[in-house]
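The values are calculated or read from the model by the stated rules, or taken from the named source; none is laboratory data. Treat the numbers as computed from the prediction; the structure is a model and nothing was measured. Positions of Cβ are backbone-derived with ideal geometry, glycine not excepted, and every protein chain shown enters the neighbour counts.
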Amino acid sequence: MIFYLVVLRLSPAYIATMLPAEMTVIECKSIGGPDVLRVAMRPLPVPADDEVLIKVAAAGINRADLMQRRGKYPPPVGASDILGMEVSGTVAALGKNAGRWKIGDRICALLSGGGYAEYAAAPEKHCLPVPDFIGLTAAASLPASSAA
């Protein structure tokens, strides 16, 4: 028997068509404790020109997220209403002008919100590479600690 390995080079535009239309998120519908968090479905975010879309592997839970859930820390104007300021994962799609990363790169990112979801859009300048010796779960804690 002879087996052939075929390597396909798929364009970013084609890969984007393979993404789901909706994703699972954790919504915070009111102010309160952990009991106000709910699983919901939302449309997939579309990365802006200078953003990447991240397939989230892990999201950090930091003090700002907890304070926002309690109504004591408002999200920035224009930020997602989904909690989560730190994520790690792989690049799933690129905005028109995003050129620093390629699809499949392991990255972590600092967000203004939106991390408690299967996918999150982040400015490419707010993303860091995840070294091979760091797992994606641990990498979700890197963005805020490196910004300090």
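From the list 89, 95, exactly one residue is in contact with a helix residue (DSSP H, G or I) (Cβ under 8 Å, 6 or more places away or on another chain) and at pLDDT 95 or above. Which is it?
Numbers: 95 fails: at pLDDT 95 or above.
Unique residue meeting the criteria: 89.
When residues of the stretch 38-64 are filtered for being in contact with a Cys (Cβ under 9 Å, 6 or more places away or on another chain), closer than 19 Å to residue 136 by Cβ and without any contact (Cβ under 8 Å) to a residue 24 or more places away in the chain, how many remain? Here the count works out to 0. Only one entry in 55, 72 is part of a loop (DSSP other than H, G, I, E, B), out of contact with any Lys or Arg (no Cβ under 9 Å at 6 or more places or on another chain) and not small (Gly, Ala, Ser), namely 72.
In the condition set (1) touching a residue at least 12 places away in the same chain (Cβ under 8 Å); (2) part of a loop (DSSP other than H, G, I, E, B); (3) in contact with a Leu (Cβ under 9 Å, 6 or more places away or on another chain), residue 112 is compliant with all but (3). Only one of the listed residues (132, 35) is surrounded by fewer than 20 Cβ atoms within 10 Å (Cβ to Cβ), over 13 Å from the mean Cα position of the chain (by Cα) and not in a loop (DSSP other than H, G, I, E, B). That residue is 35. All conditions in (1) at pLDDT below 95; (2) assigned to a loop (DSSP other than H, G, I, E, B) hold for residue 101, with the sole exception of (1).
Here's a check for you: in the stretch 47-85, which residue that is of a type in the set (Val, Ile, Thr) and more than 15 Å from residue 109 (Cα to Cα) is surrounded by the most Cβ atoms within 10 Å (Cβ to Cβ)? Steps first, answer last, please.
Taking the stretch 47-85 first, the residues of a type in the set (Val, Ile, Thr) are 52, 54, 56, 61, 77, 82.
Then keep just the ones that are more than 15 Å from residue 109 (Cα to Cα); that gives 77, 82.
Details: 77: 6, 82: 21.
Restricting to residues being of a type in the set (Val, Ile, Thr) and more than 15 Å from residue 109 (Cα to Cα), the top hit is 82.
Within the stretch 26-37, residues that are under 21 Å from residue 60 (Cβ atoms) have Cβ atoms under 7 Å from residues that are of a type in the set (Phe, Trp, Tyr) and part of a loop (DSSP other than H, G, I, E, B) in these pairs: 26/116, counting only partners at least 6 apart in sequence or on another chain.
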